[in-house]
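Right, one structure below, let's go through it.
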Amino acid sequence: MRPPRLLLGQVMHRRLRPTPHHFVYPVFYLQLPLRALAQAQCALFAIDRPQLLSFYQADHGLRDGSPLLPWIEAILRQHGLPDDGEIILQTFPRVFGYVFNPVSFWFCHDQAGQRIAVLAEVNNTFGQTHHYLLHDQGRPLADGVELCADKAFHVSPFCTVEGRYRFCFQGELTRIDYDDAQGPLLLTAISGRPQPWRARALLGALLRMPWLTLGVMLRIHWQALRLWRKGAPFFGARPPAAASQETRT
């Protein structure tokens, strides 16, 4: 069983048209093994209780505080996928009690250790969530393979709910590119360098980026303002609720 990991890295976002726009921000994020979640607890990091850095199961899955492992196992079984291997959740932690995750990834493996599915858990700033289940009918997902899903969820008022996402997972680099009817529109990526899971490393990340998660929310609105001032097409504010909370490939 792989131990929990801290990763130091960056998020990149590039809009190609009609108003080019680009930004890169430093971040840190976690990879937590759900079958051994308790082992992640240390002097600076807690599970389901307050701490400088923490992880709450209520921030994911059903969002009712119930254990996450049975929830993701049920989704895998529903789609005929192995549910008894290692499952790693990649996410931002709560920092001083606050978190906003634009997207978290659940990396699902079979008992042989091969990745067989990835669940992309997408949140928008209106409190809505959608899940894209990416898989190849239980066949192992090679590193660097491209997985596609039709867009079914409102994320940005500067994009319509149409087109498709292209996901690619290669080592510690995750890419999500978005195509509309005219072709590639947005290129995004998150990358990181693994660090040892120790209180000292967590403290270093916290001191380097003490407002990580609050900054995520503030930067989303700051970049939206920049896009609006550049004259990017605006398609509306608060969206209707998505018809389904899950999309499978």
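Laboratory data are not the source of any read-out in this text; all were calculated from the coordinates shown. Note that the structure is a prediction, hence the values are computed from the model and not measured. Virtual Cβ from ideal backbone geometry, glycine too; neighbours counted across all protein chains shown.
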Separation of the ASP179 and ARG219 label points, Cα + 7 Å toward Cβ, nm: 2.8 nm
Average Cα contact separation per residue, region 53-178, under 8 Å, 6 or more apart, as relative contact order %: 14 percent
From phi via Karplus (6.51, -1.76, 1.60), per-residue ³J(HN,Hα) for region 58-65 in Hz, x at Gly/Pro: 5, 7, 9, x, 6, 6, 10, x
Antiparallel DSSP beta bridges within the chain, percent to nearest 5: 90 percent
Sequence-distant residues sharing a close amide H with ALA46 (under 5 Å, placed H): LEU53, SER54, PHE55
Dimensions (Å) - the chain, Cα atoms, principal axes, largest first: 49, 43, 32
In Hz, Karplus ³J(HN,Hα) per residue of region 78-83 (6.51, -1.76, 1.60; θ = phi - 60°; x = Gly, Pro): 4, 9, x, 10, x, 10
Length-normalised contact order for the chain - Cα pairs under 8 Å, 6+ apart - percent: 21 percent
Whole-Hz couplings from phi, Karplus 6.51/-1.76/1.60, listed for region 200-212; x for Gly and Pro: 5, 5, 5, 5, x, 5, 5, 5, 6, 9, x, 10, 3
Whole-Å distance, taken between Cα centres, linking region 4-31 and region 209-233: 12 Å
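Any idea what the relative contact order of region 1-122 is, in percent, if you count C-alpha pairs under 8 Å spaced at least 6 apart?
It rounds to 19 percent for region 1-122.
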